[in-house]
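All remarks here apply to the structure that follows.
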Amino acid sequence: MATLTTKLDAVNTMLGYVTEAPVNSIANTTSLPPSAALAKGVIDEVSREVQQDGWHFNTAQDYKLEANASNKFVLPDNVLQVDTVDTTYDVVQRGTTLFDRKNYTDTFTVDELKVNITFLLEYEELPEQARRYIALKASRMFATDLLAPVRLRHLFTVMRFAPRQLWKKLKVTTLIEPFSTTTTLLHVSASTAALTLLKRWPT
């Protein structure tokens, strides 16, 4: 049975690209070597950036919210974006509550609302395709921060085929279908998406 990529695996992959020694745990950031702590932070940053677009694996449609005793709709802590199914409402997220832009209030006269919602998932909650893509994208960012341009040129010569092969296997339109119809990644082929990423780096 295949083993899913853990965040520790991803961090050690990033460290390997810059010839740093792997670590045994990332549970305590304060005890990590600076490079490992940086790698963990980059993973979190890239994960949030990727998930912000809204994909099939981290979204829910017709998700029911219930008002609290103060007639406010309190959102889960890991919500990235939310919008009501009923288009007569014009709401936005203000902190951890819904805000009615039309009436300029965070209190509502209804007991429940159905929304389309995007969640920020922990790395280990993501499907393997997303984990690998985030790990590879984070590796590029991490290497850029740590390595000089001359070393980067050699590194990306070695790495350049990995994203292309990854995206060919992802089958983007069926496995990680975007939640938002404006997400451009859905409208390009997997190979084109990979090449777009690759063109940002010298070879």
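Since every read-out is calculated from the coordinates, none of them should be taken as a lab result. Because the structure is a prediction, the values reported are computed rather than measured. With ideal geometry, Cβ positions are generated from the backbone for all residues, glycine too; neighbour counts draw on all protein chains shown.
What the table below lists for this structure:
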{"item": "Point-charge dipole on Cβ atoms (K/R +1, D/E -1) for region 56-119, about Cα centre, debye to 20", "result": "140 debye"}
{"item": "Mean separation of Cα contacts under 8 Å (6+ apart) over length of region 56-119, as relative contact order %", "result": "48 percent"}
{"item": "Order of V50, V115 under a 10 Å beta carbon neighbour criterion, fewest first", "result": "V50, V115"}
{"item": "Reciprocal mean inverse distance between Cα atoms of region 56-119 - Kirkwood radius, Å", "result": "11.7 Å"}
{"item": "Most positive-pole-ward Cα, T107, S25, Q51, against dipole of region 1-129 from beta carbon charges", "result": "T107"}
{"item": "Y104, Y133 arranged by Cβ crowding within 10 Å, fewest neighbours leading", "result": "Y104, Y133"}
{"item": "Residue-by-residue Karplus 3J(HN,Hα) for region 31-45, coefficients 6.51, -1.76, 1.60, Hz, glycine and proline x", "result": "9, 7, x, x, 5, 5, 5, 5, 4, 4, x, 5, 4, 5, 5"}
{"item": "Residues D77, D100, sorted so that the one with the fewest Cβ neighbours within 10 Å comes first", "result": "D77, D100"}
